[in-house]
Amino acid sequence: GKGNYDYDLVVIGGGSGGLSCAKEAVAHGARVACLDFVKPTPLGTKWGVGGTCVNVGCIPKKLMHQAALLGEAVHEAAAYGWNVDDKIKPDWSKLVTAVQNHIKSVNWVTRVDLRDKKVEYINGLGSFVDSHTISAKLKGGERTITAQTFVIAVGGRPRYPNIPGAVEYGITSDDLFSLDHEPGKTLVVGAGYIGLECAGFLKGLGYEPTVMVRSIVLRGFDQQMANLVAAAMEERGIPFLRKTVPLSVEKQSDGRLLVKYENTETGEVDSDVFDTVLWAIGRKGLVDDLNLDNAGVLTHKDKIQVDCEETTNVPHIYAVGDIIYGKPELTPVAVLAGRLLARRLYADSELRMDYVDVATTVFTPLEYACVGLSEEDAIKLYGAEEIEVFHGYYKPTEFFIPQKSVRYCYVKAVAQRNGEQRVYGLHYLGPVAGEVIQGFAAALKSGLTIPTLMNTVGIHPTTAEEFTRLSITKRSGLDPTPAS
Ligand code: NA7
């Protein structure tokens, strides 16, 4: 029975998904403990409660991106008449300190919030003993805890490639935001959004990043948009080594890193010297320490497969966030899934998480945001004859005076060709992309159509209004670049 367990619910993982689930469960009267434990990186980096987003993900990334944008803004300010010295240089250690201070304040607020809400926070590494018992490895010993229900929200950590020197000399996004020295000339391996974002702000801060691409850029995203993102980065002076994989990293006597790499098409081996090598080759789900066998929970690769109610193959064990297989690895997805799960468990709710049409932004120097289907997925799903793509390049008003490149400012809407002309996907490349797409995401989820979009009056002069001015279809073959 219910009373025989120490807790109604034990949440394993104190990140975005785990914390939201734990807090919501307590709000509906459940007795809840939340385990959180961070294993240090090979370099020794560790951090507090709150998970990847707060400590080594979205938050520090956005702050460093902002730091880079501000550097750009100083140069633009001169064009706008400000008497500024635009030969500016960032102070890396000041930036890191500011970023880390913000993170520590968020960690502290989180701890206080958990105490106020009466979630028991346990700084221990959890592993299953049986399907109702978990053992928490604490600093000074071990604690055995039983619960009626478990939620696994352990998330993931960056992968390292299996090549000589990778772990000894390379770093990952887990280390970058607290690095105690300037990154300098940096090789970023991987062209997912983490790699591109890191390369983007490093360039903006005046370091020299190079991006190594194994196959394509931004796998999973609309490939036309992905290629525009990469082209915009190359235009800003970030070199891309394409069809290239790393072979080894060696430390030279001067302390710099010699990286050997191979072109997978020509077989040609080449090398270059860097100050920092950043692996951004994807993330691994943290299933290994959980002893899932003891609970009978099955894994799928390094993830856990759940049904439409986040239930694993064991009925009283659930999973949310980045650890679940085949769903978007995004903080707001984990937060909402965790909250809705707690409401179904403890508040008689039946509402399920809807993983469809989740908006997201890639914070590259020129930002990319999207919601809904990519052009290729829409064509795959409905057939090319049933899809109409509206698109256009545009010129942000504020780009003219500082003569910023408008070459890659572009919007597109992927829509149903016939019938009501439902909008299936919206894609935006330009400034403040996340702010632009967020509202359109609600419209798209509400069944937005092309006629409604065309009937929407724009806000002038903004870049978001470009979505209300889309008149050229790809099918027409007309030139999507604006006059003047
Ligand atoms: P992603 O999106 O999985 O991207 C990883 C990138 O690294 C991708 O470009 C891969 O190329 C590349 N990759 C993978 N393995 C290697 C090796 N061994 N050598 C060179 N390049 C490699 O990961 P992110 O870290 O950007 O993002 C992590 C997750 O956070 C992501 O899944 C999002 O959903 C949220 P590929 O395309 O496989 O050839």
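Give the residues of the range 312-323 that are more than 15 Å from the chain's Cα centre (by Cα) and within 23 Å of F37 (Cα to Cα), sorted by residue number. Hits for the range 312-323 are T312, H316, I317, Y318, A319, V320. Residues in the range 69-114 that are in contact with a His (Cβ under 9 Å, 6 or more places away or on another chain), touching a residue at least 40 places away in the same chain (Cβ under 8 Å) and open to solvent by less than 60 Å² (accessible area, probe 1.4 Å): W92 only. Looking across the range 265-288, the residues that are within 12 Å of the ligand (Cβ to nearest atom), closer than 13 Å to V188 by Cα and either open to solvent by 30 Å² or more (accessible area, probe 1.4 Å) or over 29 Å from the mean Cα position of the chain (by Cα) (or both) come down to I281, G282.
Scanning the range 181-200 for residues that are more than 12 Å from D275 (Cβ to Cβ) and either open to solvent by 10 Å² or more (accessible area, probe 1.4 Å) or near the ligand (Cβ under 6 Å from one of its atoms) (or both) yields V189, G190, A191, G192, Y193, I194, G195.
Residues in the range 210-235 that are in contact (Cβ under 8 Å) with a residue 60 or more places away in the chain, more than 12 Å from the ligand (Cβ to nearest atom) and under 27 Å from K260 (Cβ atoms): T210, M233. I'd like to check something: does the range 121-128 contain any residue that is open to solvent by 60 Å² or more (accessible area, probe 1.4 Å) and either without any contact (Cβ under 8 Å) to a residue 40 or more places away in the chain or part of a strand (DSSP E or B) (or both)? Within the range 121-128, not a single residue is open to solvent by 60 Å² or more (accessible area, probe 1.4 Å) and either without any contact (Cβ under 8 Å) to a residue 40 or more places away in the chain or part of a strand (DSSP E or B) (or both).
So that you can scan it fast, the table gives a plain yes or no per residue for (1) open to solvent by 40 Å² or more (accessible area, probe 1.4 Å); (2) at pLDDT 95 or above; (3) within 14 Å of the ligand (Cβ to nearest atom):
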| site | (1), (2), (3) |
| --- | --- |
| L336 | yes, yes, no |
| L340 | no, yes, no |
| C370 | no, yes, yes |
| K380 | yes, yes, no |
| A384 | yes, yes, no |
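Could you grab me the full set of residues in the range 140-165 that are hydroxyl-bearing (S, T, Y), more than 16 Å from the ligand (Cβ to nearest atom), open to solvent by 20 Å² or more (accessible area, probe 1.4 Å) and in contact (Cβ under 8 Å) with a residue 40 or more places away in the chain? Selection gives T146 alone. One residue stands out among those in the range 166-177 that are more than 12 Å from the ligand (Cβ to nearest atom) and more than 20 Å from the chain's Cα centre (by Cα): the one that is surrounded by the fewest Cβ atoms within 10 Å (Cβ to Cβ), which is E168.
Answer with yes or no whether A33 is in a strand (DSSP E or B), of a type in the set (A, V, I, L, M) and either more than 27 Å from the chain's Cα centre (by Cα) or over 21 Å from G282 (Cα atoms) (or both). Considered against the rule, which asks whether it is in a strand (DSSP E or B), of a type in the set (A, V, I, L, M) and either more than 27 Å from the chain's Cα centre (by Cα) or over 21 Å from G282 (Cα atoms) (or both), A33 comes out as yes.
The values are calculated or read from the model by the stated rules, or taken from the named source; none is laboratory data. Treat the numbers as computed from the prediction; the structure is a model and nothing was measured. Glycine gets a Cβ as well: all are built from the backbone with ideal geometry, and neighbour counts include every protein chain shown. Just so you know, the surface numbers come from the protein's heavy atoms only, side chains and all, with ligands and any DNA or RNA stripped out. Shrake-Rupley method; radii C 1.70, N 1.55, O 1.52, S 1.80 Å.
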